[in-house]
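All remarks here apply to the structure that follows.
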Amino acid sequence: MIRNPQSAIPNPQSSVPFPLLLGIFFTSIAALTLEISLTRLLSVAQGYHLAFMVVSMALLGYGASGSFLSSFPFLLRRESSRTLELASWLFSLSTITAYLLSNLIPFDLARLSWDRWQILYVFLYYLAFSVPFFFSGLAISLALTRWNAQPGKLYGADLTGASLGCLIVFALFPIFGGPGTLLFSCILSGLASIFFGWGHSSLAIIRGAWICFLVLLLCWPPSFLSLRLSPYKPLSAALLFPGARLLETHWNAFSRVDVLKSPAARTAPGLSLHYLDPLPPQLGLTVDANHLNAITQARGEPGESEELRFIDFLPSSFPYQLLTPGRVLIFEPGGGLEVLTALRHHTKEIVIVEANPIIGDLLQGNFREFSGGLYNRKETKFVLGDGRSFVRTKPPPFDLIVFPLGESLGASATGISSLQEDYLLTTEAFQDYWGALKPGGFIAATRYLLPPPRGELRLIAVVSAALRRSGKAPGDHLLVFRSWSTITLLIKKEPVVVQETNALKSFCQQLRFDLVYYPGMVEGEADVYNRFGTPLYFSGVQKVLSGRKEFLAEYPFDLSPATDDRPFFHHYFKWTHLGEVYRQAGEKWPILLEGGYLVPVVFFLALALSFFFILAPLLFSARKEAKPGLPGDRRFSWLLYFITLGLGFMFVEISLMQKFILFLGHPVYSIAIVLFSLLIFAGMGSRLSTRMNPMAWRGLRLVLPMIAGLLLV
C-alpha cells in the first residue's frame, strides 16, 4: 500500500493513455501465465509438494513491490513511463533467468531429510521465482499509483488481462510445452515494456531485439532450456539404465506424458513368484515423470497369446475367476494392462474412461500397433473424461468396475499426491460406483502395499462408510487379499457367498498370495506366504470394519474416510503422532514428506521472507517519516479494509477451486475457470465502478450485510 500518494504525486495525470492500458493488460497476462506454468513445471521437476509454493512466491513478489514503492516514493516523481518500461523488461529478463537458475540449483526434495544444504536450496528456489513477480507487481503498482485519477480503467485492464492469462495456458502447453509456455510469458512481458515506452522510448530497438531473441528460443529451443528433473523421479531413474532412451514427450495444461524404452519399464504389479517366464516387451509410460507403468506389446488375440500368460498370475485376474463379465468399466488404465486382462478373459464390452487425452492419443495413434490396438477393438469403447463424472451420467450397469494402480510404488512412497484432492476415492464416490453395478457385480481396487499400513486401510474405511450409508454391513460384502507388493479389495453388490470365498482361497493357495479378509476368516489363515511377522493387514482391516473410533483415534495415521468436503485421500499424517511416526520410520524423515510436512517449512520460510521484504521496509520507512499521509486511525481503517477484502477474496477463490474439481474433473481446469471467472467479473466491476450512482452505493451498504447474514445462517 502506497503511503500518502497525493504528496508523492502532486499532479496526477487524469487521462490514461491507451498504450499504458495495453502495457498493464500484457503484464497481467504474462504474470498469470507464468504463475500457472510454474505450477506445472515444479510439479514435474520435483513433485506436487512444490507446486503449492507458486502462489506464495507470487504474493511475496507482489507484496514486496508495493512495500518497495512505499519505501522509495521518489520513483513516483521520476519519468514514470521509463520506470514502467524498465520494470516490465526486468520482469521478462528475470523470468528466464530464474528458470535457468532453478535448473542449476542442486535442489532435490527427496534429499531434504538428510542433506541440510537442501534448506538453503529451497530458499534460493523460492527467492529466485519471487523476483519476476516483484517486477510485474512493481509495474502494475506504479501504473495504478501514477495514473490514480481513473482507477477503474486500470483495474479493468489488469484484471481482464489476468483472467485471459488463466485461459491461454490451455492452448500454449500442447504447442510449446512447459518451458515454452514460460518463454511465452517472457515475450508477453517484453511486449508490455514496448507499450509502456510507446512514443518516447530510445530503447525500442533493444526491446524489439530481445523479443525476437525470445521468439527464436521458443521456435528452436536449445538443450539448456530443458527442464531438469529430480534424479529421484521414476522417469530419471529409468533413463539411467543402459540402452534407455526417451521416445516421445507430450504436454498439456495438466500433465507431461513421456514414453520411453528402458529395462526398468517391466511392469506386472503383484506378479506371483510362481511365474518364472520372461515378460513380453514393454515400453515405459510416465505422467509428470512419475507413475511409471508400461505399454505391453500384444500380438494376436489376448485370450490365446502365450506371451500374455503372465496376466493369469496377477492379482488383477482374480475377479474374472468369480464371473465372466459381459460389461466392464475400467478407470484410467494408463498403458492398458487392465484392458489386456479383460480381453484375455473374453469380456464382451469394455468401457475405458481416461482423463488424460494424451494417453488415449498415444495408444490409438503412434503405439496402436505395439499395444495390439487395445483402444480400437470392437470390444472396447474409449471415453475421455473423469470416471466419477461418467458414472453420474447413468450408463447401463456394469458387471465389474476396475480401479488399477493409480501411481507407481515410488510415487506412493514419496507421497506425490498427499496434498491433492481426489474425488474418485471419497465415500460419496463409492456410493456412485455401487449404484452403477449390476446385481452380483463387483468393484475391484488394487493398491501398492506401503507398511506401516495407511492408504490400504483408509480405502477399507472409505468403502465401509459408503456401505453403511447404503444400509449394508461392510464385512458381508468384502474380499481382500495381498501379494508380496500389492493389496486387492473386492466389493460385491450382494453379500459374499461361500463359493466365492472358496474361489479366493484356491486362487491364493495356487499363486502363493495371502488372505487378508473374507467373512468369517480367522487370524491363523493370514500372513502365510509373504510374511510380515505379525498379521498387520488382517488385524488392521478387522479393526477398521469394526468401526471402533478409539482405533482410528489412536492409530498414528489418519484413516478417517475421505469425503467430498474433505477429499484428501492421500493425506494420512497426524501432527499429534509426529514423534511416533518418526520412530516407526526408523528415525528417518523421508516418510514425513509424504504427509505434507513440507507445508510448515514453506510457511515459515514465506513468513520470514514476508517480514524482511514487506513488513520490515514499511516499518523502517514509517519511523523515518515525520508526517504520515493519513491520520493513524484512518490509516488503520484503510489497512484493515484491504486485509479483509484480500482474505475474503482468497477464501472464496480457494473454496470454489476445490469444489469445482468435482464438476470439472481436474484441478487445473478448476483453477483456470475459477480464476478466469473471478478476475473477469472483478475487472468488469472495476470498470463500471466509476459509473455507479452514489445512491446505489448507499443501497449496497444495506443489502450486502443482509446477504452475508443469510449466507451465514
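Structure notes:
- If you go through the range 68-98 and keep only what is among the small types (Gly, Ala, Ser) and either in contact with a strand residue (DSSP E or B) (Cβ under 9 Å, 6 or more places away or on another chain) or modelled with pLDDT under 90 (or both), you end up with 70, 71, 80, 81.
- Near pairs, Cβ below 9 angstrom, 6+ apart or cross-chain, from the range 205-223 (at negative phi and in a helix (DSSP H, G or I)) to any residue that is surrounded by 14 or more Cβ atoms within 10 Å (Cβ to Cβ) and among the charged types (D, E, K, R): 207/85
- Count - residues of the range 388-435 that are surrounded by 19 or more Cβ atoms within 10 Å (Cβ to Cβ), modelled with pLDDT of 90 or more and assigned to a loop (DSSP other than H, G, I, E, B): 1
- Condition check for residue 154: in contact with a Ser or Thr (Cβ under 6 Å, 6 or more places away or on another chain), buried (at least 19 other Cβ atoms within 10 Å of the Cβ) and either at negative phi or free of Cβ contacts under 8 Å to residues at least 60 places away in the same chain (or both): no
- Pair list, Cβ under 9 Å, 6 or more apart: the range 499-512 residue under 13 Å from residue 322 (Cα atoms) and of a type in the set (Asp, Glu), other residue in a helix (DSSP H, G or I) and at pLDDT below 95: 500/322
Residues checked against (1) in contact with a helix residue (DSSP H, G or I) (Cβ under 6 Å, 6 or more places away or on another chain); (2) over 13 Å from residue 259 (Cβ atoms); (3) charged (D, E, K, R):
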position	(1), (2), (3)
335	no, no, no
340	no, yes, no
345	yes, yes, no
353	yes, yes, no
358	no, no, no
361	no, no, yes
367	no, no, no
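- Residue check for residue 497: assigned by TED's automatic domain parsing to the domain that holds residue 561, more than 24 Å from the chain's Cα centre (by Cα) and surrounded by fewer than 21 Cβ atoms within 10 Å (Cβ to Cβ): yes
- Any hit, the range 631-641, residues being outside the structural domain of residue 386 (by TED's automatic domain parsing) and modelled with pLDDT of 75 or more: yes
- Residues that are under 25 Å from residue 365 (Cβ atoms) and crowded, with 16+ Cβ neighbours inside 10 Å within the range 232-248 comprise 234, 235, 238, 239, 244, listed in sequence order.
- Count of residues meeting criterion [modelled with pLDDT under 90 and in contact with a helix residue (DSSP H, G or I) (Cβ under 8 Å, 6 or more places away or on another chain)] in the range 266-280: 1
- Of all residues in the range 490-546 being hydrophobic (A, V, I, L, M, F, W, C), over 24 Å from residue 435 (Cβ atoms) and not in a helix (DSSP H, G or I), the one that is modelled with the lowest pLDDT: 532
- Number of the exception - residue 612 against (1) modelled with pLDDT under 75; (2) in the same structural domain as residue 50 (by TED's automatic domain parsing): (1)
- When the range 669-683 is filtered for residues that are modelled with pLDDT of 75 or more and crowded, with 16+ Cβ neighbours inside 10 Å, the ones remaining, listed by number, are 669, 670, 671, 672, 673, 674, 675, 676, 678, 679, 680, 682.
- In the range 302-331, of all residues being free of Cβ contacts under 8 Å to residues at least 24 places away in the same chain and among the acidic types (Asp, Glu), the one that is farthest from residue 261 (Cα to Cα) corresponds to 304.
- The range 105-137, residues that are in contact (Cβ under 8 Å) with a residue 40 or more places away in the chain, of a type in the set (Val, Ile, Thr) and either outside any helix (DSSP H, G or I) or closer than 24 Å to residue 234 by Cβ (or both): 122
- Selected residue (only one of 95, 160 is of a type in the set (Val, Ile, Thr), surrounded by 23 or more Cβ atoms within 10 Å (Cβ to Cβ) and touching a residue at least 60 places away in the same chain (Cβ under 8 Å)): 95
The values are calculated or read from the model by the stated rules, or taken from the named source; none is laboratory data. Computed from a prediction, not measured in an experiment: that's the story for all the values here. Methodologically, a virtual Cβ is constructed for each residue, glycine included, from the backbone with ideal geometry; neighbour enumeration extends over all protein chains shown.
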